[in-house]
Amino acid sequence: MTPGTRAESRSWPTGRSVNLALQAALWFAFVFGYQLIQAGAGHDRSRALADGLGVADLERDLVHGLVELRLQDLARDSGTLDTFVALTYWSSEFAVVALALLWVYLRRREAFPRFRNTLIVTNVIALIGFYAFPTAPPRRFPSLGFIDTVRSSSAPGHGHGLLPFPSNQYAAMPSLHSADALIVGVGLALLVRSRAMKVVWLLWPLAVWFSVLATGNHFWLDIVAGIAVAGLGGLAVAALRKHRPAWPRSAPNRSAPGKVPRVR
């Protein structure tokens, strides 16, 4: 091994570690800013409750009932299922997304920028929805038969985002849990090689969607809106990648040192 090769092999892990630290800093800065902005959205409680009742009325017109009530009753009748939906709901948004980002960066690095950017753009679009259409979740309507599983739970972090900011309790439309789960599930299903893991990741969005309904945190129309937001985020990132300017690269000078290129 030549001295130059040794130096390159020593500097590569350091350079990659620095880049990973920068990517992590970028992501946490985004999450911090997102939590700060989201916490200030939609504090008009009366409007959020009215919008939530409007969503419930629309669902009754579409499917002649509230599917969320039956799913919440199903989960509460089984201790195992109740624990599953609670753990899935509370781990899906930050823990699973963060681990998915780390895995893609380490194992499928060429796909990382698009994966990261799709999550960021989708979250930004969702913020617009939170401000434009503040909506109370189903658990805020005990008169409709829902149980507030967040208030009755003693698990740490319930009702809070990343400390020290409380999460916005009237930001149900669109469901960001559902949007991010779809991006993570489809993204990792396309990137993993094992067929079994492809199936697992394709099922992940379904598990999260069931959990947000069974915990009373979202109406199914919130999930539909989350799917639409994720689609918009993916399309926006694809369009930006397609139309980004291609910077010209200077051709390397292959002439031998000390020789002037021959002009023809």
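None of LEU106, LEU101, LEU66 is over 24 Å from the mean Cα position of the chain (by Cα), among the aliphatic types (A, V, I, L, M) and either modelled with pLDDT under 95 or over 19 Å from HIS218 (Cα atoms) (or both) except LEU66. Taking the conditions exactly as written (modelled with pLDDT of 95 or more and out of contact with any helix residue (DSSP H, G or I) (no Cβ under 8 Å at 6 or more places or on another chain)), does VAL184 satisfy them or not? Here the answer is no, as VAL184 does not meet what is asked. Scanning the stretch 205-237 for residues that are more than 19 Å from LEU87 (Cβ to Cβ) and not in a helix (DSSP H, G or I) turns up just one, PHE219. Evaluating MET173 against the criteria (1) surrounded by 16 or more Cβ atoms within 10 Å (Cβ to Cβ); (2) modelled with pLDDT under 90; (3) not in a helix (DSSP H, G or I) leaves one unmet condition, (2). Would it be correct to say that ALA230 is farther than 26 Å from LEU144 by Cα, within 13 Å of the chain's Cα centre (by Cα), surrounded by 12 or more Cβ atoms within 10 Å (Cβ to Cβ) and modelled with pLDDT of 95 or more? Yes, satisfied.
So that you can scan it fast, the table gives a plain yes or no per residue for (1) on the phi > 0 side of the Ramachandran plot; (2) in a loop (DSSP other than H, G, I, E, B); (3) loosely packed, with under 14 Cβ neighbours inside 10 Å; (4) of a type outside the set (Phe, Trp, Tyr):
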site: ALA75; (1), (2), (3), (4): no, no, no, yes
site: THR83; (1), (2), (3), (4): no, no, yes, yes
site: SER91; (1), (2), (3), (4): no, no, no, yes
site: ARG114; (1), (2), (3), (4): no, no, no, yes
site: PHE130; (1), (2), (3), (4): no, no, no, no
site: PHE146; (1), (2), (3), (4): no, yes, no, no
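Taking into account only those residues within the stretch 141-170 that are polar (S, T, N, Q) and touching a Pro at 6+ places or on another chain (Cβ under 9 Å), which is modelled with the highest pLDDT? Steps first, answer last, please.
Step one: filter the stretch 141-170 for residues polar (S, T, N, Q), giving 143, 149, 152-154, 167-169.
Subsequent filtering for residues that are touching a Pro at 6+ places or on another chain (Cβ under 9 Å) retains 168-169.
Details: ASN168: 73, GLN169: 80.
My answer is GLN169.
Of everything in the stretch 1-60 that's in a loop (DSSP other than H, G, I, E, B) and loosely packed, with under 14 Cβ neighbours inside 10 Å, which residue is modelled with the highest pLDDT? Before the answer, list the steps.
Pass one, the stretch 1-60, residues in a loop (DSSP other than H, G, I, E, B): 1-2, 40-44.
Of the ones still in play, those that are also loosely packed, with under 14 Cβ neighbours inside 10 Å are 1-2, 40, 43-44.
On the way: MET1: 51, THR2: 50, GLY40: 63, HIS43: 65, ASP44: 77.
Only one residue tops the list, namely ASP44.
The values are calculated or read from the model by the stated rules, or taken from the named source; none is laboratory data. Note that the structure is a prediction, hence the values are computed from the model and not measured. Glycine also receives a Cβ, built like all others from the backbone with ideal geometry; neighbour counts cover every protein chain displayed.
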